[in-house]
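**Q** Let me give you the structure first, and then I'll get to my questions.
The values are calculated or read from the model by the stated rules, or taken from the named source; none is laboratory data. Computed from a predicted model, the values in this text were never measured in an experiment. Ideal geometry is used to build each Cβ from the backbone, glycine not excepted, and the neighbour counts take in all protein chains shown. Note: accessible area is taken over every heavy atom of the protein model, side chains too, but ligands, DNA and RNA are not part of it. Shrake-Rupley method; radii C 1.70, N 1.55, O 1.52, S 1.80 Å.
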Amino acid sequence: MSASSFLDALKREGLTVVEVGDWRHHNRNHKGPWGPVNGVMIHHTVTKGSKQTVDLCRKGHADLPGPLCHGVITKDGRVHLVGYGRANHAGLGDDDVLRAVIAEKALPHDNEANTDGNRHFYGFECENLGDGEDPWPAAQLEAIERAAAAVCRHHGWTERSVIGHLEWQPGKIDPRGFTMASMRGRIRARLK
């Protein structure tokens with residue numbers, strides 16, 4: 001979908017969207033292709049403070065240039081668009097997981113990192129310390145649900161096309177504080 005279609009899909013799902021800078025053209029496409037895009041990946045940021053979180057996800061840092069996702073979902077439930085195209089969010093992950101996402105089947109255990117996920121996934125970074133204690137406000141959880149559903153609805157995907165970073169790459173723990181099974185259940189209900 002185009003950047004404009006992405007924005008429209010999020011708004012149609014009832015989200016409050018904040019456009020940050022020239023997000024439509026902010027990407028890492030010069031590092032490799034973006035697409036075919038096959039799913040949505042959910043992350044937590046390990047940060048505190050919405051402004052700092054959005055800024056980090058847009059600009060990145062010395063070891064990992066931005067954008068670090070397509071949208072940042074802050075604790076107040078707003079989606080801040082920081083990039084569109086290839087983004088540094090997924091990294092290398094398991095090709096068996098990618099095949100399951102494409103087929104919309106149950107996910108296998110991620111036990112290798114051999115496939116470029118930045119090419120295949122939309123990424124939403126969600127403001128949270130990721131320590132298992134930082135709360136996930138209802139507005140934020142609903143925004144995650146709505147954002148993932150918006151992308152799935154546009155592409156004709158089910159909730160099985162939505163995964164957590166922890167399901168993609170061995171050693172990752174995000175998102176921590178809710179289960180992806182519960183989030184996929186919410187997305188499934190919304191898509192009905």
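**Q** Just to be sure, is Cys126 open to solvent by less than 10 Å² (accessible area, probe 1.4 Å), within 13 Å of Lys48 (Cβ to Cβ) and in contact with a helix residue (DSSP H, G or I) (Cβ under 8 Å, 6 or more places away or on another chain)?
**A** yes
**Q** Name the residue, out of Lys59, Lys11, that is surrounded by fewer than 17 Cβ atoms within 10 Å (Cβ to Cβ), basic (Lys, Arg) and closer than 18 Å to Glu145 by Cα.
**A** The conditions single out Lys11.
**Q** So which of Val54, Val37, Val101, Val97 is out of contact with any Pro (no Cβ under 8 Å at 6 or more places or on another chain), under 24 Å from Thr115 (Cα atoms) and open to solvent by less than 20 Å² (accessible area, probe 1.4 Å)?
**A** Val101
**Q** Looking at (1) within 17 Å of Asn27 (Cβ to Cβ); (2) open to solvent by less than 10 Å² (accessible area, probe 1.4 Å), find the lone condition where Asn118 falls short.
**A** Of the numbered conditions (1) within 17 Å of Asn27 (Cβ to Cβ); (2) open to solvent by less than 10 Å² (accessible area, probe 1.4 Å), the odd one out for Asn118 is (2).
**Q** Please pick out the residue among Leu68, Leu7 that is within 26 Å of Met180 (Cα to Cα) and either polar (S, T, N, Q) or in contact with a Gly (Cβ under 7 Å, 6 or more places away or on another chain) (or both).
**A** Sole residue among the options that is within 26 Å of Met180 (Cα to Cα) and either polar (S, T, N, Q) or in contact with a Gly (Cβ under 7 Å, 6 or more places away or on another chain) (or both): Leu68.
**Q** Among the listed residues Gly171, Gly156, Gly177, Gly185, identify the single one that is out of contact with any helix residue (DSSP H, G or I) (no Cβ under 7 Å at 6 or more places or on another chain) and closer than 23 Å to Ser5 by Cβ.
**A** After applying the criteria, what remains is Gly156.
**Q** Touching an Asp or Glu at 6+ places or on another chain (Cβ under 8 Å), surrounded by fewer than 19 Cβ atoms within 10 Å (Cβ to Cβ) and not small (Gly, Ala, Ser) - does that describe any residue in region 72-94?
**A** yes
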